[in-house]
1. If A5 meets every condition in (1) more than 19 Å from I179 (Cβ to Cβ); (2) more than 18 Å from the chain's Cα centre (by Cα); (3) in a helix (DSSP H, G or I) apart from one, which number is that one?
2. Is there any pair with a first residue in region 7-26 that is over 17 Å from G207 (Cβ atoms) and a second that is of a type in the set (A, V, I, L, M, F, W, C) and outside any loop (DSSP other than H, G, I, E, B) whose Cβ atoms are under 8 Å apart and which are 6 or more apart or on different chains, and what are they?
3. Take the residues in region 12-39 that are charged (D, E, K, R) and not in a loop (DSSP other than H, G, I, E, B), then tell me which one is surrounded by the fewest Cβ atoms within 10 Å (Cβ to Cβ).
4. I need the full set of residues from region 170-220 which are in a strand (DSSP E or B) and among the hydrophobic types (A, V, I, L, M, F, W, C), in order please.
5. Give me the residue from region 8-37 that is touching a helix residue (DSSP H, G or I) at 6+ places or on another chain (Cβ under 8 Å) and among the aliphatic types (A, V, I, L, M) and, out of that set, farthest from L103 (Cα to Cα).
6. Name the residues in region 157-190 that are in contact with a helix residue (DSSP H, G or I) (Cβ under 9 Å, 6 or more places away or on another chain), touching a residue at least 60 places away in the same chain (Cβ under 8 Å) and either of a type in the set (K, R) or under 25 Å from L103 (Cα atoms) (or both), would you?
7. Find the residue count for region 75-95, including only residues that are hydrophobic (A, V, I, L, M, F, W, C), modelled with pLDDT of 80 or more and touching a helix residue (DSSP H, G or I) at 6+ places or on another chain (Cβ under 7 Å).
8. So which residues in region 165-220 are in contact with a Ser or Thr (Cβ under 9 Å, 6 or more places away or on another chain), loosely packed, with under 15 Cβ neighbours inside 10 Å and of a type in the set (V, I, T)?
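The values are calculated or read from the model by the stated rules, or taken from the named source; none is laboratory data. Remember, predicted model here, so these are calculated numbers, not experimental data. In this analysis, Cβ positions are derived from the backbone assuming ideal geometry, glycine residues included, and neighbour counts consider all displayed protein chains.
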Amino acid sequence: MYNRAVLAAYDAFVVGFSNSVAWKCPSRLLVGFYNENVSAEHLDVGVGTGYFLDKCRFPVSSPRLTLVDLNSNCLRATARRVRRHHPSYDLAGLHLANALGPLDLGEAKFGSIGVNYVLHCLPGGLSSGDQASKSDLFRNLKPWLRPGGVLFGATILGAGVKHGFLARKLMDVYNAKGIFSNRSDSAEGLRAALGQHFEVASLRVVGCVALFSARGSGPA
């Protein structure tokens, strides 16, 4: 769905309006979460419009920034927005990829990997027993972390949180259209999915949104 027209309106509707009014998690908190976790060598998966990469503070003036997305429109829009950081991406195929499958990023390793607002759009559930498991994202990204690196992100929960009137309406519409697939996504399920792959994970819920981070190799 992320064509040029949608991307042009995304920041105003999602970042500006929906995050604050519907999901009750203002975007300034998500920018702050990026500031807490982003490193000098950062991989961003599911880049959207690049809003958070544009607004966050990297710990160095010239970070090594790599972009991965399934949508070339998102890659182009984000690459233009953060061109001052000279991001690495290849529309011929290298980073135009589905992160639920194996990734080929060469010899690269990263101190941080961001998956902001990605999980609630992925098909399937959070349990490893689901036919389509969102936890495959963590399994596929873990090998690209440096020792001591952090994977972090935020996702809109469909279960176990209080949804106001607008949040319920948007959830219904987005799930019906296949934009979201998160009716059963809960904080408990997310915590368990992170625990399958990482030794240390933290999670906090703000409104309808779970902010999470994880480090370490996790159980076999």
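1. All conditions are met except number (1).
2. Close Cβ pairs satisfying both conditions: L7/C74; L7/A77.
3. Across region 12-39, the extreme among qualifying residues is R28.
4. Step one: filter region 170-220 for residues in a strand (DSSP E or B), giving 200-206, 209-215.
Once the filter is applied, which keeps residues that are in a strand (DSSP E or B) and among the hydrophobic types (A, V, I, L, M, F, W, C), region 170-220 yields V200, A201, L203, V205, V206, V209, A210, L211, F212, A214.
5. V21
6. If the condition is that a residue be in contact with a helix residue (DSSP H, G or I) (Cβ under 9 Å, 6 or more places away or on another chain), touching a residue at least 60 places away in the same chain (Cβ under 8 Å) and either of a type in the set (K, R) or under 25 Å from L103 (Cα atoms) (or both), then I179, F180, S181, N182, D185, L190 are the ones that fit.
7. 2
8. Result: V200, single match.
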